[in-house]
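Before any comments, here is the structure.
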Amino acid sequence: MAYQCSSRANTYHTLCCQTTPRSTTTPCNGNDCKTTLVSSFLELAGYNLTWIASSLSRCDQIEEPNNSAFIEVLREAMLELKPAMQQCQNQNSQRDREWRWRPRHCQDLLAEGDSGRGVRHVYPFPGRPQDGVDVLCDHTIDNGGWTIFQHRTNLPTRENFFRPWIDYVRGFGDMSGEFWLGMDNLHTITSCCHQELRIDLTDYEGEHRWAKYTNFQVGPTQDHYRITVSGYSGTAGDGLAYQNNQQFSTYDADHDVCVEGNCAQVYKGAWWYARGHYSNLNGFQYEGIHTTFADGINWVPWKGYKYSLMNTTMMFRPRA
């Protein structure tokens, strides 16, 4: 193959080597002719790595390059790189601006004029401005801005909530029906700022109750998504005080404090169990009264351990 190169490469080649390279033979030490720095510039400028190595590293004789000519090559390379570096800087600045104005959660959307209830796309991941996730927003209740992360309702075909750990981490279901947003997303979105939690409950007789907490956060996967919740108000009774500061458990991942067994298996759910529970909103979907103990969609302060609720909605938003 004939040796070919650009005029700029030939300029430097004449500084470094007295004769043309002998194809793939007689490699010389790049440090001897100070090619390392120039190679980096040429690579950044878009030259092919194989060609750079061939042009600058294979030669018959080595001489110390003339300093002024050496500097001129660097200057020309830097001038060529300057527009590309400026373009890269502009692109990074644009990405930063895009991330700053992109909605992180439903409250951001509400502030931009969003209304109603429906699936929206948000960008909750700091440092990853292109990565988004679908969430269900509700702006129709309690001044809006709520991000819904759990919903259960009495459908002809019910979603199975007795699932393994990985399903609860990733999320499952359909936001038009029953679903769980996913523990990873729940942790990420609640970590942006102080959150409040609202839970809406409806029984099979059509009565509605609610519970609200002024402090809500879900920890990282390393801590098994530990819940922090406090500051209750509402009409349903405080069904989460007993679950506060507990790790999340599923039937195949036991993180409760009960030494006798796995509460998730016993209560047919997945929850922040302690030595049991005072709520079990991911439990089995019985219809109303059930004879088994504490394994339904239970909210104990309101309906006790043997009544499974028809509708549940769990949602959060940044605290004002």
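Quick notes on this structure:
- Test set (1) among the acidic types (D, E); (2) in contact (Cβ under 8 Å) with a residue 24 or more places away in the chain; (3) within 21 Å of P301 (Cα to Cα) - E207 fails condition number: (2)
- Criterion: among the charged types (D, E, K, R), crowded, with 23+ Cβ neighbours inside 10 Å and part of a strand (DSSP E or B) - qualifying residue of R317, R209: R317
- Filtering region 278-295 to residues that are farther than 18 Å from W210 by Cα and surrounded by 23 or more Cβ atoms within 10 Å (Cβ to Cβ) leaves only G283.
- Residues within region 148-168 that are touching a strand residue (DSSP E or B) at 6+ places or on another chain (Cβ under 9 Å) and assigned to a loop (DSSP other than H, G, I, E, B), tallied: 9
- Test: residue in region 180-192 that is touching a Leu at 6+ places or on another chain (Cβ under 9 Å), surrounded by fewer than 17 Cβ atoms within 10 Å (Cβ to Cβ) and not in a loop (DSSP other than H, G, I, E, B): no
- Verdict on G132 being at pLDDT below 95 and either in contact with a His (Cβ under 8 Å, 6 or more places away or on another chain) or among the β-branched types (V, I, T) (or both): yes
The values are calculated or read from the model by the stated rules, or taken from the named source; none is laboratory data. None of the values given here were measured: they were computed from a predicted structure. Using ideal geometry, Cβ is built from the backbone for each residue, glycine included, and neighbour counts are taken over all protein chains shown.
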